[in-house]
Each structure stands twice: as C-alpha cells, then as structure tokens.
Amino acid sequence: MPPIGEIIRNSQIWKSIFRHPAPVDRRNRIVVMLTNFFLHLHPVSAKKQGIALSYTWCMGGVTFFLFLVETVTGVLLMFYYRPTIEWAYSDILVLRDVTSLGILRELHRWGAHAMVITVWLHMYRVFLTGSYKPPREFNWVLGVILLLLTLLLSFTGYLLPWDQLAIWAITVGSNMARAAPFLGHEGPGSQLLSVGGIDMITNASDARFGLLGARFVGEETLNRFYILHCIAIPLGAALLLAIHFWRIRKDGGISSPM
Amino acid sequence: MHGHLTYDEFLASISGFLCSYYLAVAVMNGLFAVYQWKVNGNQRLAVVWSVVGLVCVIMGGIVSSGDAGMISYVSVPDSIKNMIDAAMMPVTYSLGTLAILFALFITREYWVKPNMAWLGLNLMLIFMGLSIADVDFAAIVMKPDNVPIVGLIFLLAFFTWLATYKAVENDRRIAQGELPLEAIDNEKVLVWPDLVYTELICMVGLTAFLLLWAIVLQAPLEEPASSVKTPNPSKAPWYFLGLQEMLVYYDPWMAGVMLPNMVVAGLMAIPYIDFNKKGNGYYTINERKFAYLTFQFGFLVLWITLIVMGTFLRGPNWNFFGFYETWDAHKVQAMNNVDLSQLFWVDLLHQPLPRPDPADPFLIKTLIIFKREVIGILGLIGYFAILPPLLAMKEKRLFQPLYRRMGLIRYMVMANLFLWMATLPIKMLARWTMDMKYFISIPEYFINF
Ligand code: HEM
C-alpha cells in the first residue's frame, strides 16, 4: 500500500482543492507559486539577499500577519460587543470574566500594540536600506499612509472598552482638533470665518465636533469610532495593502544593490 | 498601582517574576558562552559570559527569597536612586539621550562588535533587574499598557545594532573598493521553499509569542467611563505621547495639528528630496550621512525619546518625575515662563507692553499687535524665508553642496522641512535657558508660536 500521505494527495478531493502536485521538485515549486491563490502574492523566484531575514527583518510580513490577527480576533470580538454606552463596558467585563477562552481581548489589544511597533520597525528598515529610492518612491508614500491608518485604527479602538482609560485618552487626543487652524473653534483664523457676525466655526460645528459627533466624547462618538474602527479604516487599509504589495512586485521585488 | 500594598507584599508579588527574569538572562548568557566557545572557538570569552550567567543565577536565587533585606543587595542603592532622580529633568534627560546616541554613533565601529553589543544588552537588562524592586519604577514599567514600550526600547536597540553592524561592515568594504555584502552571493532562488518557510516560521513564532503574552498579561480595564472624574495625569495612547509632550512647548494647534501634519508630509517627501543614488538596497551610513543623521534625529531623538519621556517620566499635572520618584499629585513646579514680547518691551526697553483696546477697529488692533510681536514675527520670517538662502550661499559650506545638486524647489522644500523639525529643539532650548514661553503670542487670535 502506498503511504497514507500519497493516498490523500492523489484523492479526487485533494486534487480538486489544490491545483498543483506537491512542491517537491523544481518544476512543482514554481507551479505552486503560480497556481495557489495565497502564494501568488509572491514572485516565483527572488534575490537571495533581498529575502534574507537579516535584511528585511520580515517586518513588513510580520505587520501584515498582525493585521490578519487583528481582523480575525476583531471579528470574534464583535460577536460579544455592543457599541452603546449602556452595554460596551459590561460586554467587555463579560468577555473577561465569563466567556471561555477569555484571551480574545488580550490577543486583540496586544496585537494592536505590537502592530504599531512593527510598522515603525518596518519603516525603520526600509529607511536604513534606502529602499525608498527610485523606483520605490511611491510605495514609501503608500507606506506612510498605511502607518497613519495603523495609528488611527489603534486610536479608534482605544475608545471601545468605554472605561476611564478609554474616554480620557480619546478626550486628550481629540482636544487637539479643537485647535485646528480655521477648522477648530479655538484655532487660529477660525474667527475670520463668520457670516454677518455669526461665527461659522463653533464648538458644535468644528473639526472636533466632526470627529466626535458631539461636543464631548459621548454616545455619538462611540458609534462613530466603532464604525471607523471596524469598517471604514480596515477597508481602506486593506485596499492600500493590496496596492502596497502589488507595487513591491512591479517595482522589481524587494530592493537589492543595483 | 501598588499604593495599597506594603513593601513586603509588593516584593512577594514580584519576586517570582524577577527570579525567572534573572534565570532567563542567565540562560541567554549561557547560550552566548556556548556560541563563543563552539562557533568562535574563543574560550576566554566563553568563560567570561558563563561567569556573568552564573552571577545572574545567584541574583535570581537572592530575589526569589522575597526578603527586603536580601533584595536590597541586588537593587540600585537608595543614595544612587536619589541622585538619579535629582539629576533627571527634561533638560538632562533630553540632552543626555542625545549625547549618548551621538557618542554611540561616533564610536559605532567599536560597539557594534558582537561582544560589545552583548555587553550593552546585559547592562540594559541588569539595570532593569536592579531597578524593578523599586515600587515607583515597577509601577511605571509594569503597567500593562506600558509593557509594549519597554519591548519597543529593546527591539529598537536590537535592530539599530543589527543595521549598524551591517552598515559598518559594508562601509569598510566599500572603502576598500569591494561590493557591499548584499551584492554578493545574490543569485535568484525559488521562493518556495526559501521565503515561504521563513514566513511560516515567523508566523508560528509570532503566534506563540502573542498567545503567551495574552495569557501572562491581562488587558487593562479601568472603572467605567465617567465624564466628571478626570484622571490625573490624562494621557493620550502611548504612540501619541510625543505629541502630547510637545504641548509643553507649543499650543495645541502646533503640537496637535501643524507638527503632526508636517511629520507626515516630511516623511512622504523623503524619497523626492533625497537625490543621493547611493545606498539603495543595502545598509550603509557613510554613503548617506546627512540623510541618515537627519532621519535618526527625527525618529530616535525626537519621536522615540519623547514617547519614552511622556510615558515613563510624566506624572500628575504632566510634571516630570525621575525613574524612582513617587508620582505625587501635589508636586509643584515653578512655572514663570515669559513671552519674547515681554522680554523685548518690558525687560529690555523698559516700556509697557503695547496693548490693543478691544474697541479699536480691526486694522488698528492688528497694527498694535504687530508692533508688540514685531521681534518674533520678523524672527520667524527670517528663519523660514531668509535662513535657507543664507545656508546655501556660503561657498562649499553648510547646505551649499546640497543646493547645487538639488535645484531651487527641492532645496527650499528640504530646507523648510528641516527647519520645521529644528523648531522643536530650538523651542526646548529657549525654554530651558530663558524660560521662554512663546516667540509670538497673539492670544487675541489664538496664534501662539
Ligand atoms: C500596515 C503597514 C504595512 C505593511 C503590512 C507592509 C508590508 C510590507 C511587506 C510585506 C513588504 C515586503 C518586504 C518586507 O517585508 O520588508 C513591504 C515592503 C515595503 N514597504 Fe511596507 N508595509 C507597511 C507599511 C509601510 C510603511 C509605514 C512604509 C514606509 C513609510 C512602507 C514602505 C515599504 C517599502 C518602500 C517597501 C519596499 C521595500 C524594499 O523593496 O526593500 N511600508 N511592506
């Protein structure tokens, strides 16, 4: 009888799922990269030094993996969490004290901190290897936007447990928007924007109000941050990530000395 | 955090952790000793690092007793703690880190050698270990949300070492006319297995690490939100604490709006203003010194050290506290900062500060304000509009070589971004030396700079 692994690999079910034979020889190692959906993000071959762990630190990859961890744990958390002042805090308590496998929130929170750190380290590596230089200028710019989205994801998520730590951190952070030039009601130039003696920029119409949906961090803010955190920013980040990865390929793969 | 515990209870609560900490450091040193012996064949160093490991085992044994008297032998003595606290202020902290980083940069060829770097790592770890039996130190570094920042410091130290190690080696090779290491043995290889296996191992390792972290450390959850009970200090999330720290020197419209936007714009501009073709795709310092130093100044000095300061050293009322100082909400720090206009009109010319009458028409009011702030306004215009050309004029000096190769527009963008970044250290210095509050202060229109 042939080995069990071979039986499975030769079964109709296996073959219908994986469109390629086992990657054991050179030809099939190429085929696997081309025919597998998840692997086709990669090229078939790459420069040896470019993919060396000591060169890239795998930091971009680690950041992407953390993004996936956050997506999965985040979806699971959404099953337990209701974004209203009435329920948010107690749902988190239940999650901690009652739910089995109660480390979901820990995974999500520590993963988020880790992602902020790894995205900085990734940027650090890209800078130190000069990998933003032509032809990769624009991918660096995309990266800066991704960095910003990572911080915003983390920031909007910080509010959701609705504890003291959360609302005051967001209050301190969003108070800045009050001082935006022209757009904040305590910002320089905002007084100039008045029509017929009536100020257009007040504490109920300025940039901070737009961010919070209210004059202080409250019910509306929780809703706004929830939607930003769970839907809007992740979608934006996913799109940009796709372009980021696509550009790595189009820009000639990971950088290497010319 | 430990306010309700007696010191003995506190020690009992951390002695287990501290013991395993020292044992981990001991194991690390043991492995490094084996590496020195087997791989490098250096028996003397192997002995040295085994001895260090052994010392760590003994320290682990001592702390596991949980006894205050015993632990005091493996803690920073109170006299030194007091000295450190007394010496630590925003000035000494900021200039001190700058000086250390600069010294490391100058001596990089020396300390990147693995044994020196290993020594540095040991010193950092032992400093942590010796300090953690201090209640106040433990309270700031073991707060769950602060743990990632401790991790960040070690990760940055490690990766800065790795990158510098490679850059030093490459610079040496390039100076001898050889290719950088990344250019050697660089043929194409198949991504399966060479890359996908690396990725798989990273993924498995990271998953294990995250699971462990999540099990050991519970995510913080404080009391339910209350809009009437303001905590003191109220801190933004840690990655924004550099910005919050800038509030000490700037008004919110600068610290929270303008400067963050400038940081983002400046980062995005980097590829378009760095015209240097060298150093693309390999680690090097000598081939791109200006870019390297500017970035490191912005990232390590201005961004990271301010975050570390905002997280660990800023307590109630945003007062500055040393590593071992109790966060006392009643600490009073004298604040008698003055504006430049005050210094100019009152202290220098002995005249009253020009003051507009709220009833004056807009134009008159503006003129009076302009007169009051004239020094600051002219200074600012000079700084952003006149300084860049001046810097570019001096034959073969300062920015002139850059200007020649960059062209007018690129040069002006670069110079202005550079000067924007420099406003922060300038404001800090002015504050520390002259108690300067604002260079330009127009509270009438919310413009303070
Ligand atoms: C969510 C955040 C991000 C993710 C998931 C991500 C992912 C990746 C991955 C997987 C790579 C392949 C090489 C490597 O792993 O180092 C890469 C390359 C690159 N990334 Fe990112 N990145 C992110 C943010 C950034 C940021 C913040 C920057 C810069 C400001 C940046 C700039 C670049 C550039 C220029 C490359 C090409 C590097 C080279 O060819 O050596 N990325 N990114």
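Computed from the coordinates by the stated procedures, all read-outs in this text should not be read as laboratory data. What you see is a predicted model; the values in this text were computed from it and never measured. Backbone-built Cβ (ideal geometry, glycine too); neighbour counts: all protein chains shown.
General remarks:
- Partner aspartates and glutamates whose Cα lies under 20 Å from the Cα of residue B:396, excluding those fewer than 8 positions away in the same chain, are identified as B:274, B:287.
- For residues of B:281-290, the mean tally of beta carbons on other chains within 10 Å: 4
- In degrees, nearest ten, helix B:362-372 long axis to first principal axis of chain B (Cα): 60
- Pairs of lysine residues in chain A that meet both criteria, 8 or more places apart or on different chains and Cα atoms under 20 Å apart, total 4.
- Of the residues A:192, A:229, A:210, the one whose Cα sits farthest toward the positive end of the charge dipole of the range A:177-258, with +1 on the Cβ of Lys and Arg and -1 on the Cβ of Asp and Glu, is A:229.
- Helix A:233-250 and the long axis of chain A differ in direction by around 40°, with both axes built from C-alpha atoms.
- Between the C-alpha center of the range B:144-167 and that of the range B:39-89 there is a gap of 21 Å.
- Peptide A:87-95 has a mean shielding of 2, counted as Cβ atoms of other protein chains within 10 Å of each residue's Cβ.
- For chain A, a simple Cβ point-charge model (Lys and Arg +1, Asp and Glu -1, everything else neutral) yields a dipole of about 1460 debye relative to the Cα centre.
- Cα-based helix-to-principal-axis angle, A:164-175 vs chain A, degrees rounded to 10: 70
- What separates the Cα centres of the range B:172-187 and the range A:99-114 is a distance of 44 Å.
- Exposure proxy order (Cβ contacts within 10 Å, fewest to most) of B:202, A:58, A:230: B:202, A:230, A:58
- Ordered by the number of other Cβ atoms lying within 10 Å of each residue's own Cβ, fewest first, B:258, A:200 fall into the sequence A:200, B:258.
- Selection among A:153, A:89, A:60 by position relative to the dipole of chain A gives A:60 as farthest towards the positive end (Cβ unit charges, Cα centre).
- Residue order, fewest to most surrounding Cβ atoms within 10 angstrom, among B:44, A:82, A:247: B:44, A:82, A:247
- Only Lys, Arg (+1) and Asp, Glu (-1) charged, at Cβ; the range A:147-226 dipole about Cα centre in debye: 100
- Per-residue average of Cβ from other chains inside 10 Å of A:137-143: 3
- Selection from B:401, B:84, B:208 lying farthest towards where the dipole of chain B points positive, charges on Cβ: B:401
- For the range A:47-64, 3J(HN,Hα) per residue [Karplus equation, 6.51 cos²θ - 1.76 cosθ + 1.60, θ = phi - 60°, Hz, x = Gly/Pro]: 5, 4, 6, x, 9, 5, 4, 6, 8, 8, 6, 6, 5, x, x, 4, 4, 5
- Restricting attention to the range B:185-307, lysine pairs at least eight places apart or on different chains and with alpha-carbon atoms under 25 angstrom apart total 4.
- Note on the protein assembly as shown: helix-only mean residue ellipticity at 222 nm, from DSSP H runs of 4+ residues weighted -39500 (n - 2.57) and normalised by residue number, equals -18500 deg cm²/dmol.
- Cleavage-rule hits (trypsin sites (Lys or Arg not before Pro)) in the range B:351-449: DSSP loop, at most 10 neighbouring Cβ within 10 angstrom: B:394, B:396, B:397
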